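Below is one structure, written out as C-alpha cells; comments come after it.
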Amino acid sequence: LGAGPIGLASIFAARRCGAARVMAVARSSRARALAATLGADIFCEGLPCFDEVVERLARAPDAVIECTGVAGMIGTGIDLVAPRGTVVSAGLCFDAQTIGFGAAIGKQISLRFSLAYTLADFQRAVDALAAGHVEPRAMIGETIGLAEVPDMIEMLRSKRPERKLMVDPWRTASKEISVR
C-alpha cells in the first residue's frame, strides 16, 4: 500500500525475494510507470480497484506491506491480507492506529513492524546494484548541489517530487531548479 519511495523499494524487494505477483496500490497513478519498472505486475489507483483485482484473481494477497504511514492503513492491510498472511508496517505514522483485533485473530495473521535498516540490508542493496539491477535507479530524480538545498526546500513546500531528490555536496549549483 503506497507507491512513494518506501512502497517502490518494497516492490523491488518483494520481486527480488521471489514474490510471484506484486500489486501496488496508491491514491493516484503518478507512480504507475515507476512501480512497473520496479516490478509491479498490477497497479491500482485506490482501494476499490484493489478489490476488483482481488475478486478477478479470486485470491487475497499473502502479504501486505503498508508504506503510506497514514493512520488506519495498518487496519486496511489486515482487512486486505489473506488468512494466515502477513502485514508489514513500513510507513512511519505518529498518529494513533485503530486495529480490529477480531479480524486479525480470526485470520491468524502475522503483524510485523520495520523502522530502520541493518548493515545486511544495505549490503543487499549494494549487491543488487552491483549485480546490474538498474531498476532502483529509476527512483532517482534530480541531483542538486548543497547550495541549492534551501531553494529546493521552499519549492518542495508546494510540489512533491515524483522521484527521490539527491544532494551532491560537491556539485556546483545548476542554473535552474525544478521538481520532477
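A few remarks follow.
- Sequence-ordered 3J(HN,Hα) estimates for segment 34-39 from the Karplus curve with 6.51, -1.76 and 1.60 and θ = phi - 60° stand at 5, 4, 5, 4, 7, x Hz, glycine and proline given as x.
- The magnitude of the dipole of segment 1-89, with charges of +1 and -1 set on the Cβ of Lys/Arg and Asp/Glu and taken from the Cα centre, is near 280 debye.
- Assigned charges on the beta-carbon of Lys, Arg, Asp, Glu; the chain dipole about Cα centre (debye): 240
- Peptide packing: for 23-34, 124-135, the average count of neighbouring Cβ atoms within 10 Å per residue gives the ranking 23-34, 124-135, highest mean first.
- Loop-located chymotrypsin sites (Phe, Trp or Tyr not before Pro) in segment 50-157 (DSSP state other than H, G, I, E, B) with a sparse environment of at most 10 neighbouring Cβ atoms within 10 Å: PHE94, TYR117.
- Once the Cα gyration tensor of segment 1-128 is diagonalised, semi-axes √(5λ) in Å: 21, 18, 15
- Backbone amide hydrogens, once placed in the peptide plane, bring ILE109 within less than 5 Å of ARG84, excluding anything fewer than 5 places away on its chain.
- The residues of segment 1-137 expose on average 60 square angstrom of accessible surface per residue, using a 1.4 Å probe on protein heavy atoms.
- Axis angle, to the nearest 10 degrees, between helix 119-130 and the longest C-alpha principal axis of the chain: 70 degrees.
The values are calculated or read from the model by the stated rules, or taken from the named source; none is laboratory data. On a predicted model such as this, the values are computed, not experimentally measured, just so you know. Cβ: placed from backbone, ideal geometry, glycine included. Neighbour counts: every protein chain shown. Only protein heavy atoms, including side chains, enter the accessible area calculation; ligands, DNA and RNA are left aside. Shrake-Rupley method; radii C 1.70, N 1.55, O 1.52, S 1.80 Å.
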